[in-house]
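The values are calculated or read from the model by the stated rules, or taken from the named source; none is laboratory data. Only a predicted model underlies this, so the values are computations on that prediction, with no experimental measurement involved. Methodologically, a virtual Cβ is constructed for each residue, glycine included, from the backbone with ideal geometry; neighbour enumeration extends over all protein chains shown. Just the protein is used for accessible areas: all its heavy atoms, side chains included, with ligands, DNA and RNA removed. Shrake-Rupley method; radii C 1.70, N 1.55, O 1.52, S 1.80 Å.
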Amino acid sequence: MASNGMVQVVCEWGLAGVEAWASKAAAFVIVDVLSFSTAVSIAVDRAASVIPFQYGDPEAAAAEARARGAILASPKRALGGQLSLSPSSLRNVSPGARVLLPSPNGSRLSLATGAVPTYCGSLRNAAAVAKAAGAAAGAGLVAVIAAGERWPDQSLRPAIEDWLGAGAIIGALEGLESSEATLARASYAATGRGLGSLVRGSISGRELIDRGFGADVEVALEVQSSSVVPVLIDGEYRPL
């Protein structure tokens, strides 16, 4: 793509997408709507920060939280006031708190972007994140990464809520788009008032609602409700 002074925008899926653009991207935006990106947005809205951590090693996570003076959140959604991957659980996190949040998708991708400026985007903060990522990239390339989910064999399962979240961000970037980025943007624009029904009816949305975490889906659907940008600095998402 010839930039002509415009920001360039690509849209890819998962870890392979991060790795494909790691040497070319001027900025990454990680999009994991249900629920890592939404949880991060809620936390930074409260002037807290989130430390992404690899999923699957509770002892290592606990040790890292102690070393960094952070609260260890559960990688599984929890009720009863425990901080967890559930965005609703972070509604009352204390300003200035540091939360170490293991997750199988959003955290893993965030940890793979290396030294490239990295932002955490969702439906809540799409416009603000797009503005920040575009400013960081200049006439360079912004890689918007839809996290997706994983099947039991750990292969990627595309998740429409992440595709639509990516599309919302791409639309606000107003750059020179790859075909995939154009399709994501058009998909989001086409949802109109049907966005909520689509996200609630997605595989991930139905799973959360059936497990009693429908409130997390509704938090994720607070479209453009936040102007606070989560930026990854020293391995920690902080409010920009």
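For the reader, a short list of remarks on this structure follows.
- When the range 3-51 is filtered for residues that are at negative phi, touching a residue at least 60 places away in the same chain (Cβ under 8 Å), assigned to a loop (DSSP other than H, G, I, E, B) and surrounded by fewer than 24 Cβ atoms within 10 Å (Cβ to Cβ), the ones remaining, listed by number, are Ser3, Met6, Val7, Ala22, Lys24, Ala26.
- Pair list, Cβ < 7 Å and 6+ apart or interchain, from the range 137-164 residues that are free of Cβ contacts under 8 Å to residues at least 60 places away in the same chain to residues that are open to solvent by 10 Å² or more (accessible area, probe 1.4 Å) and of a type in the set (A, V, I, L, M): Arg150/Leu156; Ile160/Leu198
- In summary, helices (runs of 4 or more DSSP H) completely within the range 97-173 and bearing 3 or more residues that are β-branched (Val, Ile, Thr) occur at 160-173.
- Thr191 meets the conditions (1) closer than 21 Å to Lys131 by Cβ; (2) part of a helix (DSSP H, G or I) in every case but one. The failed one is (1).
- Of the residues Ala189, Ala136, Ala181, Ala128, the single one that is surrounded by fewer than 22 Cβ atoms within 10 Å (Cβ to Cβ) and within 19 Å of Ser23 (Cβ to Cβ) is Ala136.
- In the range 217-230 there is at least one residue that is farther than 19 Å from Val29 by Cβ, open to solvent by less than 30 Å² (accessible area, probe 1.4 Å), touching a helix residue (DSSP H, G or I) at 6+ places or on another chain (Cβ under 8 Å) and part of a helix (DSSP H, G or I).
- Screening Tyr237 on (1) surrounded by 24 or more Cβ atoms within 10 Å (Cβ to Cβ); (2) out of contact with any Leu (no Cβ under 8 Å at 6 or more places or on another chain); (3) part of a helix (DSSP H, G or I) shows it passes everything except condition (3).
- Taken together, the residues in the range 84-122 that are of a type in the set (Val, Ile, Thr), over 19 Å from Arg66 (Cα atoms) and buried (at least 24 other Cβ atoms within 10 Å of the Cβ) amount to 1.
- Leu123 being farther than 21 Å from Ile233 by Cα, of a type in the set (A, V, I, L, M, F, W, C) and touching a residue at least 40 places away in the same chain (Cβ under 8 Å): yes
- Selection within the range 65-117 - farther than 21 Å from Val18 by Cβ, of a type in the set (D, E, K, R) and at pLDDT 95 or above: Arg66, Arg68, Arg98
- Residues that are hydrophobic (A, V, I, L, M, F, W, C), open to solvent by 40 Å² or more (accessible area, probe 1.4 Å) and over 24 Å from Val33 (Cα atoms) within the range 52-83 comprise Ala63, Ala67, listed in sequence order.
- On inspection, Arg200 fails the criterion of being without any contact (Cβ under 8 Å) to a residue 24 or more places away in the chain, surrounded by fewer than 16 Cβ atoms within 10 Å (Cβ to Cβ) and over 19 Å from Trp13 (Cα atoms).
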